[in-house]
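Written out below as structure tokens is the structure these notes cover.
The values are calculated or read from the model by the stated rules, or taken from the named source; none is laboratory data. Model, not experiment: these values are computed from the prediction. Cβ sites come from the backbone with ideal geometry, for glycine too, and all protein chains shown count toward neighbours.
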Amino acid sequence: MTGFTLPIPVIETERLLLRGPREDDFEAHATFMASDRSGFVGGPQDRWGSWRGLLGQFGHWALRGFGFWTVTARKTGEPLGKTGFIDNDGWDETELGWHVYEQAEGKGIAFEAVQAVRAYGAEKRGLDGVISYIDPANTRSVKLAERLGATFERTGEVVGKPCHVYRHPKVRGVA
């Protein structure tokens, strides 16, 4: 029996290939979600929680027509993290989110991937000037958001937790 596939676009950068989630990404995803590094993105989680999260990524693409891409090394195909758009029930508006796995930390991977996804979202999906929900204690994500040109807009709440809302600049420059 073969799996169901969705028409998820592939985005390429100089070092990265961003593609839809695959079942063979699960071990890397589960390892990250079991670690303390996942604390700002709903973790740590056990394998069952991680499996539901992977399935949720497919569901988001199917229901919304956009979602999270798996960030991979272009040369090796190694999963390095995830980035994309989230519009879950209860969200104020569409969010641009990201996380990288430990081996990708500090190498500009998140910056490169998020820039590519943000440009794609603006040009192809009309997702321009989106927000990012960031826990103020997540200093690495705050620094990345600011490096991407996002600015603090307000305090907010997501999934019952307080956060800061950062507004990304419009890519297309259109109001």
Task: Leading residue by the ranking (modelled with the lowest pLDDT) among those in the stretch 154-172 that are closer than 18 Å to residue 115 by Cα and surrounded by fewer than 16 Cβ atoms within 10 Å (Cβ to Cβ) - done: 172
TODO: Give just the number: which of (1) touching a strand residue (DSSP E or B) at 6+ places or on another chain (Cβ under 9 Å); (2) more than 22 Å from residue 163 (Cα to Cα) does residue 108 not satisfy?
DONE: (1)
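The rows are residues; the columns are (1) basic (Lys, Arg); (2) under 18 Å from residue 102 (Cα atoms); (3) touching an Asp or Glu at 6+ places or on another chain (Cβ under 8 Å).
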| site | (1), (2), (3) |
| --- | --- |
| 11 | no, no, no |
| 30 | no, yes, no |
| 37 | yes, yes, yes |
| 40 | no, yes, yes |
| 48 | no, no, no |
| 52 | yes, no, no |
| 56 | no, no, no |
| 61 | no, no, no |
| 65 | no, no, no |
TODO: Just give me the residues in the stretch 113-171 being among the charged types (D, E, K, R) and touching a strand residue (DSSP E or B) at 6+ places or on another chain (Cβ under 7 Å), in sequence order.
DONE: 118, 135, 153, 154, 157, 167
Open item on the list: Can you pull out every residue in the stretch 35-82 that is of a type in the set (Ser, Thr, Tyr) and not in a helix (DSSP H, G or I)?
Closed with: 35, 70, 72, 76
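Results for (1) of a type in the set (S, T, N, Q); (2) within 27 Å of residue 143 (Cα to Cα), shown as yes or no for each residue.
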{"residue": "10", "(1), (2)": "no, yes"}
{"residue": "15", "(1), (2)": "no, yes"}
{"residue": "28", "(1), (2)": "no, yes"}
{"residue": "31", "(1), (2)": "yes, yes"}
{"residue": "51", "(1), (2)": "no, no"}
{"residue": "61", "(1), (2)": "no, no"}
{"residue": "98", "(1), (2)": "no, yes"}
{"residue": "102", "(1), (2)": "no, yes"}
{"residue": "113", "(1), (2)": "no, yes"}
